[in-house]
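The values are calculated or read from the model by the stated rules, or taken from the named source; none is laboratory data. This one's a predicted model, so the numbers in the text were calculated from it and none came from an experiment. FYI the Cβ positions are ideal-geometry reconstructions off the backbone, even for glycines, and counts take in every protein chain you see. Note: areas computed on protein heavy atoms with side chains; ligands, DNA, RNA excluded. Shrake-Rupley method; radii C 1.70, N 1.55, O 1.52, S 1.80 Å.
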Amino acid sequence: MNKSNIEKVVRDFIAGSGMFLVAVKVSSSNRITVHADRNEGITIDDCAAIHRHIGSCFDRDVEDYELQVSSPGAETPFVVIEQYLKNEGKKIKVTDNEGENYTGLLKNVTDGGFELEVEFRVKGRQKETRDISFNFEQVKSAQAVISINKI
């Protein structure tokens with residue numbers, strides 16, 4: 001199975017739907033994993049529709065494959081700019097290319113990068129916020145921070 005063919009089939013199918021393709025992986029044993037999402041979150045019905053469409057485009061009698069379609073998962077590092085856009089205004093963790101970790105509020109996502117509003121402690125307990133600008137090339141990984149509110 002050709003990864004680029006699968007990506008094209010999925011992109012053509014989801015065009016204009018509000019969904020976006022995050023990643024396609026094809027193993028040597030033809031296990032295909034497709035991760036897709038949308039700003040509001042992808043549904044099981046969305047995943048099933050993508051799965052059915054892929055199945056209709058490739059003949060298993062010609063080349064057998066296993067197919068899984070899902071969201072990338074809350075703890076999965078960001079791969080495409082749409083994931084940054086989806087999480088704008090939310091808390092994320094960024095690891096830069098030097099291995100430094102930053103956690104803060106994701107702001108001002110553009111084609112070239114983003115800003116992270118980070119809180120620092122200054123002189124004891126006083127807190128101060130500062131925006132740190134990142135180019136995407138400076139980022140080793142970024143992912144959403146999951147917080148659970150106690151009732």
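Details
- Note on the stretch 39-64: residues that are closer than 30 Å to GLY89 by Cα and among the hydroxyl-bearing types (Ser, Thr, Tyr) amount to 1.
- Flag for THR129 being open to solvent by 60 Å² or more (accessible area, probe 1.4 Å), hydroxyl-bearing (Ser, Thr, Tyr) and more than 24 Å from ALA74 (Cα to Cα): yes
- Every condition in (1) touching a helix residue (DSSP H, G or I) at 6+ places or on another chain (Cβ under 8 Å); (2) modelled with pLDDT of 95 or more is met by ASN39 except one, and the failing one is (2).
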